[in-house]
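Derivation of every value follows stated rules applied to the coordinates shown; laboratory data play no part. Here the structure is a predicted model, which is why all the values come from computation and not from measurement. Cβ: placed from backbone, ideal geometry, glycine included. Neighbour counts: every protein chain shown.
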Ligand SMILES: Cc1cc2nc3c(=O)[nH]c(=O)nc-3n(C[C@H](O)[C@H](O)[C@H](O)COP(=O)(O)OP(=O)(O)OC[C@H]3O[C@@H](n4cnc5c(N)ncnc54)[C@H](O)[C@@H]3O)c2cc1C
């Protein structure tokens, strides 16, 4: 970075329709802020791109000078991978447009869009695709790493719906990939994260979902969680693909859907999203035990998707880990309830996702996504107020994930922290990892795109290890 001159940066700024922000700029502190307040990075150059040509200009500038590149999509990476301390940030946050082609059932989504941009646009046609459960999350990072959400059992993971993409590769070229044009690169984008370029357009397949779903939460006391979980295990064993459920063990958040008397109480919530006909399949879940609250009913999919946004506000401090596991066996239930009952903050949460269905049936080699066969994913989501004792909250997350480790059958990359190559490699598994390394060597041999769950092109071949 020492070699950058004012002439260099002026030249870059002059080539942009968007903005170049450097540390002396009054907008700098706002521009380097991401969702996780625990992240404090100081990138020397932030390019707020207005269009794909800006992305090309920024990447070409970085490539000519050997500067590593961070790509910021929605800024929701817990590890803060949309920023860097030493390199150039391609900030896509101004590029959020979404258009829908109802004939092709395809959404064209700009690289910096959030799910709250996508859902209303697709729902205007009664269509939807699997998106994140918090609508403020970026489409970019979520899609490239996998994409689990309420519709995954019916529509597959988000990566399974990535049909085409435009991206700027490490040499600054804007390329389009689809099943015909460079299918190997499309395969890599479907799970390999931001390793292969800055994606400026995602072509996402859409499904007929209708404007309303049967959705809401069934909330029980945490004391009742062992019985609730055993019953839930039996119900979901035969669940049709149209039934999406995500559990959440936490202190009840102060959101409008929940009466004030419950705020702060330890609970287990079953978040339900049913997209099938009738509602008979919901009955066994709704009629069990003595729920404190049951909000399930017809509601707009867009509203449902925004329902928990306020529970993980930007600017608080966050740290997480996660584990994929097969089934809610009695020992797993015991471990989950024991650690959830020691939760350290009203902002913390323990979401448990029910995987499988359509997502589980996609052939393993169709995408780079790592752990498709797992039955569930559990996320230990630590969160605290700025200035609070970080170590206490992080210790809870680590103890919890260590206790779940014996039950682990894999890892979801998007729920990793910055944990280094061995964990990333383990998340993909040996065969996928080798294929990803070969692709990385072809499209980004200098590893310019390295602020991600990095696939280092210099990784030794398996034969060498
Ligand atoms: C509150 C919260 C809720 C979440 N819920 C879910 C969920 O329901 N399901 C789920 O699967 N995940 C979920 N996640 C995890 C989420 O998928 C990841 O944090 C993801 O990285 C966020 O993407 P982003 O674009 O917002 O992040 P960023 O911080 O902007 O980027 C994250 C990574 O993706 C890369 N990237 C982003 N956009 C692009 C692009 N256009 N081109 C190339 N690379 C890009 C970045 O370079 C970086 O490496 C959640 C995260 C949070 C914080």
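Compute the helix-to-body angle for 52-65: its Cα long axis versus the longest principal axis of the chain, expressed 0 to 90° and rounded to tens.
The angle comes out near 60 degrees.
Based solely on its DSSP helices, what 222 nm [θ] is calculated for the chain when runs of n ≥ 4 H residues each add -39,500 (n - 2.57) and the sum is averaged over all residues, nearest 500 deg cm²/dmol? Walk me through the numbers before you get to the answer.
Numbers: 15 runs with 129 residues, N = 465.
-7500 deg cm²/dmol, from helical runs alone.
So if I take the alpha carbon set of the range 395-465, get Rg, then get Rh from the Kirkwood formula, what is the Rg over Rh ratio? Kindly include the intermediate steps, with their values, before the conclusion.
On the way: Rg = 13.9 Å, Rh = 13.5 Å.
We get a ratio of 1.03 for the range 395-465.
Rg over Rh of the range 6-91, using C-alpha atoms and the Kirkwood radius, what does it come to? Intermediate values should be presented prior to the final figure.
Values: Rg = 12.0 Å, Rh = 12.8 Å.
Answer for the range 6-91: 0.94.
Which FRET efficiency value, to the nearest 0.05, do you get for residue 15 and residue 184 by plugging their Cβ-Cβ distance into 1/(1 + (r/R0)^6) with R0 = 41 Å? Provide the component values of the computation, followed by the final result.
Numbers: r = 31 Å, r/R0 = 0.76.
For R0 = 41 Å, the calculated efficiency reads 0.85.
If you wrap the range 212-415's Cα atoms in a convex hull and average its projection over all directions, what's the area in nm²? All intermediate terms of the calculation are to be shown ahead of the outcome.
On the way: hull surface 46.4 nm².
That works out to 11.6 nm².
Across the range 205-263, what fraction of all alpha-carbon pairs, as a whole percent, falls in each successive 10 Å bin from zero upward?
Cα pair-distance distribution for the range 205-263, in percent: 16, 41, 32, 11, 0.
Can you divide the C-alpha Rg of the range 1-150 by 2.2 N^0.38 Å and report the result to two decimal places? Let's see the in-between values first.
On the way: Rg = 16.4 Å, N = 150, 2.2 N^0.38 = 14.8 Å.
Scaled against compact globular proteins, the figure is 1.11.
Taking a temperature of 37 °C and a viscosity of 0.692 mPa s, what whole-number D in µm²/s does Stokes-Einstein yield for the range 163-229 with Rh from Kirkwood over alpha carbon pairs?
Working: Rh = 15.4 Å.
Estimated diffusion coefficient is 213 µm²/s.
Need the full-extension length gain, residue 342 to residue 388, defined as separation in residues times 0.36 nm minus the C-alpha distance. One decimal, nm. Don't skip to the answer; put the middle values down first.
On the way: separation 46, 0.36 × 46 = 16.56 nm, distance 1.69 nm.
14.9 nm is the gain from fully extending residue 342 to residue 388.
I need the Kirkwood Rh of the range 98-208: take the reciprocal of the average 1/r across all distinct C-alpha pairs and report it in angstrom.
Working: mean 1/r = 0.0736 Å⁻¹.
Here the Kirkwood hydrodynamic radius works out to 13.6 Å.
In nm, to one decimal, how far is the residue 458 label point from the residue 441 one, both placed 7 Å along Cα→Cβ?
1.5 nm
Residues of the range 340-364 with amide nitrogen under 11 Å from the 7 Å Cα-to-Cβ point of residue 327?
none
Using the beta-carbon distance between residue 103 and residue 22 and R0 = 35 Å, what value does 1/(1 + (r/R0)^6) give for FRET efficiency, to the nearest 0.05? Walk me through the numbers before you get to the answer.
On the way: r = 45 Å, r/R0 = 1.28.
E(calc), rounded to 0.05, equals 0.20.
Note down the Stokes-Einstein diffusion coefficient of the chain in µm²/s, whole number, using a Kirkwood radius over alpha carbon pairs, 10 °C, and 1.306 mPa s. Spell out each step's value before the answer.
Numbers: Rh = 22.6 Å.
Roughly 70 µm²/s, to the nearest whole number.
Modelled label-to-label distance, residue 334 and residue 125, 7 Å Cα→beta-carbon offset: nm?
According to this spin-label approximation, the distance is 5.2 nm.
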